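For reference, the structure is listed below as structure tokens.
The values are calculated or read from the model by the stated rules, or taken from the named source; none is laboratory data. What you see is a predicted model, and the numbers here were worked out from it, not measured in a lab. Please note: Cβ atoms are built from the backbone with ideal geometry, for glycine as well, and neighbour counts cover all protein chains shown. For accessibility, only protein heavy atoms count, side chains too; no ligands or nucleic acids. Shrake-Rupley method; radii C 1.70, N 1.55, O 1.52, S 1.80 Å.
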Amino acid sequence: MALKRKLSTSTLRDLVEEQTNPVKEPQNSPLDLANRRVKIIATLGPACWDDDKLDALLRVGVNIFRLNSAHRRDGQFEALVPRVRAAAERVLGREGANKVKVMADLQGVKYRCAEVDAAFPDGVPLAAGETVTLALASEADKEAVCKKGHIVLARTRDQIDMVTSLEEDMKLLLDDATMRLRVVKVDTPESKTCKVEVGGNLKPRKGINVPGLDRKGPGLTDKDMEDLECLLNCGVDIIAMSFVEKPADVEEVREAMKKMRPAADAVFPKVFAKIEKPQAITNIDDILKASDGAMVERGDLGSEFGNPLAVPFYQKLTLKKARQHGVFCIVATQLIEHMIRHLTPKCAEVGDVANAVFDGADAVMLSGETAMGVDPVNCVKTFRAIVDEADEKRYMFLS
């Protein structure tokens, strides 16, 4: 159907007829799916990294497999990447296999609480209105844990910078912004009294976001450097840098790779910037110029802004800017999350995926849906159907 034509009443009638009386599902070859404009990214995890699942995911339309370095274990990626390459060759043939890419995230600077006292198996309760102490573990007790009235953070370089930068009235969002604290008193540089504004149960090693906090140190952590060395050894195609704030963070990754592989003929992965902080939005044009691609990471973007209402606007803005700069752009996280536990998506999720494509996304990403979902293959098949339907009609909406 010619989609650039005027949306007259007759055209809309044809579209409605097409949707209410769909033709038999097309049988596309894996190579056809590999050539689709909008790419599908599947996060690897226990639910999908067996060889038969890798083959099946490729047959239903996965184009890029994602590794999450936050969960890397010794030897795991070194074994997994060759198996992905072998699956691509089995399914797409030797010539088609190079269309399948492997992307890996670097965790970046991420703040987390410590482990939780064993007396609280369901997490330490934080009641709205109460005050708690948030502090770094002491030099004498580096293994301190969170307990009633006391939230502990391990003494890493980045967390020392964060805690010592906290001032009165600054807010902290815990566990994907499900809980919120506000600093009411600076006791010492390493200890702050906070009031619980939104309560809940704090479980071990949950993330902490501090809206508006400017990072003092470098973008790459010690763990990132270890992960980067591993990923270069594995030969991944794309490195996605988390919590980018400025173009220098992207260049830091490139410089680190050059130091690890100083040979003049060394070939490096592409570097994508994950857009998930307010500072990244402020510097979006310069970041896109410095990057090979970008990812709108909606979960942390909402947490870092402290306001989920910011996500739709900045998703659209980033996609528009990426088109203007000619930069590949991914929309990621919470797209069809219902399918982690169910066999069909919610209608609102279908609309969410389609709107990302209408706005010009070059790829959309599945996270927990494939890594730990009940049926990763069905999930990708459903995802591909939504994406292709939307891409066919995107010219109606894309200016």
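Points worth noting:
- Å² of accessible area per residue within the stretch 84-232, as computed with a 1.4 Å probe and no ligands counted: 46 Å²
- Based on the Stokes-Einstein relation at 37 °C and a viscosity of 0.692 mPa s, and on the Kirkwood radius from alpha carbon pairs, the stretch 244-340 is assigned a translational diffusion coefficient of 231 µm²/s.
- Under the Karplus curve 6.51 cos²θ - 1.76 cosθ + 1.60, θ = phi - 60°, whole-Hz ³J(HN,Hα) for the stretch 140-150, x wherever Gly or Pro sits: 7, 9, 5, 9, 4, 10, 6, 8, 4, x, 8
- The stretch 289-399: translational diffusion in µm²/s, Stokes-Einstein, Kirkwood Rh over Cα pairs, 25 °C, 0.890 mPa s: 171 µm²/s
- Dimensionless Rg ratio for the stretch 36-116, taking C-alpha atoms and the 2.2 N^0.38 Å reference: 1.23
- Counting only Cβ charges, +1 for Lys and Arg and -1 for Asp and Glu, the dipole size of the chain around its Cα centre is about 860 debye.
- Solvent-accessible area of the stretch 188-251 (1.4 angstrom probe, protein heavy atoms only): carbon and sulfur portion equals 51 percent.
- The Rg/Rh ratio of the stretch 108-212, with Rg taken over Cα atoms and Rh as the Kirkwood radius over Cα pairs, comes to 0.92.
- Split the chain at each of the GluC sites (Glu not before Pro) in a DSSP loop with at most 13 other beta carbon atoms within 10 Å, and the longest piece is 169-399.
- Histogram of C-alpha separations across the stretch 194-278, 5 Å bin width, %: 3, 11, 20, 20, 15, 11, 8, 6, 4, 1, 1, 0
- Solution diffusion estimate, µm²/s, Stokes-Einstein, the stretch 232-275, Kirkwood Rh from C-alpha pairs, 25 °C, viscosity 0.890 mPa s: 223 µm²/s
- For the chain, the Rg and Dmax computed from alpha carbons only, in angstrom: 22.5, 76
- Placed amide H near residue 136: partners under 5 Å, 5+ positions off or other chain: 153
- Listed residues 298, 155, 384, most fluctuating in the chain (Gaussian network, C-alpha, under 10 Å): 155
- Qualifying trypsin sites (Lys or Arg not before Pro) in the stretch 49-134, DSSP loop, other Cβ atoms within 10 Å at most 13: 73
- Apportionment of accessible area to carbon and sulfur, the stretch 89-130, percent (1.4 Å): 47 percent
- Neighbourhood net charge (13 Å Cβ-Cβ; Lys/Arg +1, Asp/Glu -1) for residue 39: +2
- Electrostatic bookkeeping for residue 277 treats Lys and Arg as +1 and Asp and Glu as -1; over the other residues with beta carbon under 11 Å from its beta carbon, the sum is -4.
- Among beta bridges from DSSP that stay inside the chain, the antiparallel ones total about 40%.
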